[in-house]
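Here is the structure we will look at.
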Amino acid sequence: MFILLTRTYSENIAQNVLLAEHLQCSLDDLTCFRSRSADEIIVAQNKVNQMVTSLNFLLLLEPWLPVIDNDIVHGTLIGQIRNVSFPLKPLIIGSLTDECYYMIYGALKNNVTVSEYIAFAIGLFGEKATKVLEHYPPTGSNDQRPNIARIATEWIFTCSTRVFARKAASYSYIFGYPYDKVDSLSCPDHACHADEIPFVFESFWERFTDIGRYISQGMATYWTNFAKSENPNDPSSVSLSWSKFTDGNETYLFIQNPFQLGQNYVKDDCDFWDQMGYK
């Protein structure tokens, strides 16, 4: 889960105008938009995605986002969660160890040099770039994409998710098992964004390895138990009792082979982003 990205109304104008042009609709002609097929909209969106509609690197990675219109959406989700004054519903919430790996490597096809990495930090974080570079200094490698992927994963997903988990009666997980299908070439050797979904729903069961089936069966049991009782440990038996994420006991289920319990996942990094902010 990630709770960081939104567009302001002004940031959304450019891509809306371009989308309307590709659909041959006037910007205010809702009837025209509704008359277009799903395939026509997807084709138009893909064309707009190839254009520069923002100088914000994150918006290039995720161009279609909720818009803060001050009518239905009044602010960023993370801002709303921090200020909520009522109890949130119990939930299972978590992220993956390499959420942004394939996004970064998909957007940046070539090695990123140290100077390009510094320029990236300045472009994305502005006056905060120095602190970001101090916390995530360039490595000795001639390719800084692993650093960029780590920053994006922790800032967009892992640490902003921790903010949400601290406000809700939640069970927290980190999925760290590399995608496991017999013939998979998707994000090899990494656990990337949404890779846990087939395991939860056992949707590639016949193509999983034996270890993949162990992971899948365990996750499906936890999630089904929670749907029945709001407790992932009951009524069906589980191999490891999953403790609730609470203030002072930030326990998470580390989903790998075997399942493990851990505490305070990347705490120093998340404390850093809590201080830096999520926008």
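Positive contributions from Lys and Arg (+1) and negative ones from Asp and Glu (-1), summed over other residues with Cβ under 13 Å from the Cβ of Ile93, come out at +3. Run a plain Debye calculation on the chain (Cα atoms as equal point scatterers, no solvent) and give log10 I(q)/I(0) at q = 0.13, 0.17 Å⁻¹, rounded to two decimals, same order as the q list. Cα-only, vacuum Debye calculation for the chain: -1.06, -1.42.
For the listed residue pairs Lys167/Lys244; Lys131/Lys167; Lys128/Lys167; Lys109/Lys267; Lys47/Lys279, the alpha carbons are over 22 angstrom apart in Lys131/Lys167; Lys128/Lys167; Lys109/Lys267; Lys47/Lys279. Shape call for segment 74-167 from the C-alpha gyration tensor, a ≥ b ≥ c root eigenvalues: rounded (a/c under 1.5), prolate (a/b greater than b/c) or oblate? It is prolate, given that a/c is not under 1.5 and a/b is the larger ratio. Answer with one residue from Leu27, Ile68, Gln45: the one whose Cα lies farthest towards the positive end of the charge dipole of segment 1-75, charges on Cβ with Lys, Arg +1 and Asp, Glu -1. So the residue we want is Gln45. Counted over the chain, the DSSP beta bridges are approximately 30% antiparallel.
Sorting check: for 103-109, 219-225, which peptide has the highest mean count of neighbouring beta carbons within 10 Å, and how do the rest follow? Spell out each step's value before the answer.
On the way: 103-109: 15.1, 219-225: 18.9.
Result, highest mean Cβ count within 10 Å first: 219-225, 103-109.
A protection proxy built from the mean count of other Cβ atoms within 10 Å ranks the segments 238-248, 265-275, most packed first, as 265-275, 238-248. The tail of the calculated P(r) for segment 1-75, taken as Cα-Cα distances beyond 15 Å, holds 58 percent of the pairs.
Here segment 1-75 is treated with +1 on each Lys and Arg Cβ and -1 on each Asp and Glu Cβ, and its dipole about the Cα centre works out to around 140 debye. Packing, taken as the mean count of other beta carbons within 10 Å per residue, orders the peptides 33-42, 113-122, 142-151, 158-167 from highest to lowest as 158-167, 142-151, 113-122, 33-42. Overall, the ratio between the Cα radius of gyration of segment 25-119 and 2.2 N^0.38 Å, rounded to two decimals, is 1.49.
Each reported figure results from applying straightforward, stated rules to the coordinates on display, with no laboratory input. Fair warning: this is a prediction, and the values are worked out from it, not measured in the lab. So basically every Cβ, Gly included, is an ideal-geometry build from the backbone, and we count neighbours across all protein chains shown.
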